[in-house]
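The values are calculated or read from the model by the stated rules, or taken from the named source; none is laboratory data. Here the structure is a predicted model, which means the values were calculated and not measured. Heavy atoms of the whole protein, side chains included, go into the accessibility calculation; ligands, DNA and RNA do not. Shrake-Rupley method; radii C 1.70, N 1.55, O 1.52, S 1.80 Å.
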Amino acid sequence: MDRTVELDGTTEGPAEAHHGHDSEENLPDRPPGPRHAGRHALVEWVVIVVVALVAALLIKTFAVQAFSIPSQSMEPTLQPGDRVLVDKLATDFGAVSTGDIIVFRRPPADASPIDYLIKRVIAGPGQTVYVANCKVYVNGKELRQRYLPNGWQDPSSEYCTVWDAPGMLELPDPYTIPAGHYFVMGDNRKDSDDSRYWGLVPANYVVGVAFVRMWPPSRVGWL
């Protein structure tokens, strides 16, 4: 005759029958169902998107940022509508040098409505600059301006450096750049408001150094 065992007021069936079945703890692992797998994949994608957005924000804030060229002042190197990438870490490590193209906040003396300008560094802190016969001299040596087209030294060329146009500042010749400042000019010397008109760019105004043209596709390349 089978016996029953009472535990806490409950009645169990035959012991042999109870032990003949696997308990829930002994069941083999089951693969997650479709609903669980879908929820897990969704969480993964959310994490990936959040990490990507944070990384993009950090890169834009501290490392690299895209800028659009607002005017013709940097022709022929850069044309209106071109987009460039700017290395924002260059200023932190003192990597700005003569010949670099920099993006900077509009100086107070510049009356243009554009918040950020882009020009080429002609001379930096402690260097001297002066212009004669369309040639630019830095520290007494002619600046090799390979970025300008052939014939730019011709006085009739629009790229010939203009130094006595109306509205230009009267600067010593040569002019020594003080510490913490840059003397900049646009490559299109005939149509560029730059240091010749509104003075020097303070170093703390500089956003970074433009290093590549990324748009349009037909003009992609290093600067």
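Averaging Cα coordinates gives a centre for the range 200-223 and one for the range 116-145; these two points are 18 Å apart.
Please compute the per residue accessible area over the range 142-223 with all protein chains in place, 1.4 Å probe, rounded to a whole number of Å². All intermediate terms of the calculation are to be shown ahead of the outcome.
On the way: 4480 Å² over 82 residues.
I get 55 Å² per residue for the range 142-223.
Taking the 1.4 Å solvent-accessible surface of the range 66-203 as the whole, the part contributed by carbon and sulfur is 48%. Across every direction, the projection of the convex hull enclosing the Cα atoms of the range 133-194 has a mean area of 4.8 nm².
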